[in-house]
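Readers should treat all values here as calculations from the given coordinates under stated rules, not as data from a laboratory. The model shown is predicted, which means the values in this text are computed figures rather than measured ones. Note that each Cβ is placed from the backbone with ideal geometry, even for glycine, and that neighbours are counted across all protein chains shown.
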Amino acid sequence: MEHMFASAEHIGEFSKIMRRAVALSRSGGGDRDKILDNIHALGEGWVAEETLAIAVYCALRYEADFGQAICAAVNHKGDSDSTGAVCGNILGAYLGYSAIPEKFKANLEFHDVLLDLADDLYAARTDDEVYRAKYIAKTYKPFQPR
């Protein structure tokens, strides 16, 4: 990664904290205090590289369990709403919508809008007629309830 962004002023620091997040996620021991110590070793999430490192750590540590990852990402003394949001985005993209427990989706504000946007982003990668009408030709007429 460092060679790709060689001119970036802080790429060395960023690479170091990301490597540390990955290494900590692979370290043994899963008790709550150890997890919290690992998170705090990465910082508190008040700056972007710490937020991403904590989110990546939690996502890797609990890569098959969305709920556990989110709980770990939001239960620390730092900027936990940001670390939780980033962790949720990472795991949501990795695991897919169906792997997210219903309790996290049930009262989600703008749920339908987010699903529509996700479908549109996916369609942008394909030759989708609705996507072309909606965003390129701007001729899309959404359903209007009567």
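What spacing in nm lies between the two simple spin-label points modelled at Val113 and Glu13, each 7 Å away from Cα in the Cβ direction?
3.5
Could you work out how far helix 80-95 tilts from the main Cα principal axis of the chain, as a 0 to 90 degree angle to the nearest 10?
60
If one takes the longest principal axis of the Cα atoms in the chain, at what angle in degrees, from 0 to 90 and to the nearest 10, does the Cα axis of helix 111-123 lie?
80
Over the chain, what is the relative contact order in percent, taking alpha-carbon pairs closer than 8 angstrom and at least six residues apart?
Details: 128 pairs, mean separation 22.9, N = 146.
RCO, the chain: 16 percent.
Would you mind ranking Thr83, Thr126 by Cβ crowding within 10 Å, fewest neighbours first?
Details: Thr83 31, Thr126 8.
Sorted ascending by nearby Cβ count, the order is Thr126, Thr83.
Taking chymotrypsin sites (Phe, Trp or Tyr not before Pro) that fall in a DSSP loop and have at most 14 other Cβ atoms within 10 Å as cut points, what is the longest piece of the chain between them? Numbers along the way, then the final one.
Numbers: sites that count: Phe5, Trp46, Phe110, Tyr140, Phe143.
The answer is 47-109.
Using a Förster distance of 22 Å, how high is the FRET efficiency between Ser98 and Cys71, based on the Cβ-Cβ distance and rounded to 0.05? Spell out each step's value before the answer.
Numbers: r = 20 Å, r/R0 = 0.90.
Once the sixth-power term is evaluated, E becomes 0.65.
Out of segment 59-110, which trypsin sites (Lys or Arg not before Pro) are coil in DSSP terms and have no more than 11 other C-beta atoms within 10 Å?
The qualifying sites are Lys77.
Could you compute the FRET efficiency for Glu44 and Thr139, with r as their C-beta to C-beta distance and R0 at 35 Å, rounded to 0.05?
Details: r = 48 Å, r/R0 = 1.38.
E(calc), rounded to 0.05, equals 0.10.
What residue among Ser80, Ser25, Ser15 has the largest mean-square fluctuation in a Gaussian network model of the chain, using Cα springs under 10 Å?
Ser15
Pick from Leu108, Leu95, Leu60: which is most flexible by mean-square fluctuation in a GNM of the chain where alpha carbon atoms under 10 Å apart are linked?
Its mean-square fluctuation being the largest, the pick is Leu108.
When the chain is treated as a GNM, springs tying every alpha-carbon pair under 10 Å, which of Ala53, Ala23, Ala72 comes out with the largest mean-square fluctuation?
Comparing Ala53, Ala23, Ala72 in the GNM, the peak value goes to Ala23.
Using only Cα atoms and rounding to the nearest 10 degrees, what angle (0 to 90) does helix 32-42 make with the longest principal axis of the chain?
Helix 32-42 sits at roughly 80 degrees to that axis.
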